[in-house]
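*Asks:* Sharing a structure with you now.
Nothing in this text is a laboratory measurement; each read-out follows from the coordinates by a stated rule. This is a predicted model, so every value here is computed, not measured. Because the Cβ atoms are built from the backbone with ideal geometry, glycine has one as well, and the counts that use them run over all protein chains shown.
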């Protein structure tokens, strides 16, 4: 892991519904996730300081079942393992990158330049 994103759990107002909320990079990026009835995790929204909020709910690809289980185990811990959560968040972003603003992902280094 090259960069410390310092992911941590957060809350959002009722108007921004999701099952799980993460924040990183000194509260400049907020990432929301939902869990399907099959307990598969999907990224539904990501907001970036300076760019706004990118909603991808309904179009997002889920993490596979194994990664979804890892995500749920990690998010239920008091303190997140930064290596594990970073890998899972970046994987969720990578499989949905065509739905998210590339320039924002690159600015915040949440995806590698290809």
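*Asks:* State the extension gain, in nm to one decimal, for the chain segment bounded by residue 54 and residue 26, taking 0.36 nm per residue of separation less the distance between their alpha-carbons.
*Replies:* Extending this stretch completely gives an extra 8.2 nm.
*Asks:* Compute the relative contact order of segment 8-107 as a whole-number percentage, counting only Cα pairs closer than 8 Å that sit 6 or more residues apart in sequence.
*Replies:* Reported as a whole number, the value is 19 percent.
*Asks:* Just one of (i) 24; (ii) 19; (iii) 46 is percent of Cα pairs over 23 Å apart calculated from these coordinates, so which is it?
*Replies:* (ii)
*Asks:* Between rounded, prolate and oblate, where does segment 1-49 land on the alpha carbon gyration tensor, with a ≥ b ≥ c its root eigenvalues, rounded for a/c under 1.5, else prolate if a/b exceeds b/c?
*Replies:* oblate
*Asks:* Sticking with this one: Which of 45, 94, 16 moves the most in a Gaussian network model of the chain with Cα springs under 10 Å?
*Replies:* 16
*Asks:* Please work out the FRET efficiency for the pair residue 16 and residue 61, using the Cβ-Cβ distance as r and a Förster radius of 22 Å; give the result to the nearest 0.05.
*Replies:* Result of the calculation: an efficiency of 0.55.
*Asks:* Between residue 109 and residue 6, what is the label-point separation in nm under the 7 Å Cα-to-beta-carbon projection?
*Replies:* According to this spin-label approximation, the distance is 1.3 nm.
*Asks:* Counting only helical runs of four or more DSSP H residues, what would the 222 nm mean residue ellipticity of the chain come to if each run contributes -39,500 (n - 2.57) and the total is spread over all its residues?
*Replies:* It comes out at -8000 deg cm²/dmol, rounded to the nearest 500.
*Asks:* Also: If you find the alpha carbon centre of segment 1-58 and of segment 63-82, how far apart are they in angstrom?
*Replies:* So the two Cα centres are separated by 14 Å.
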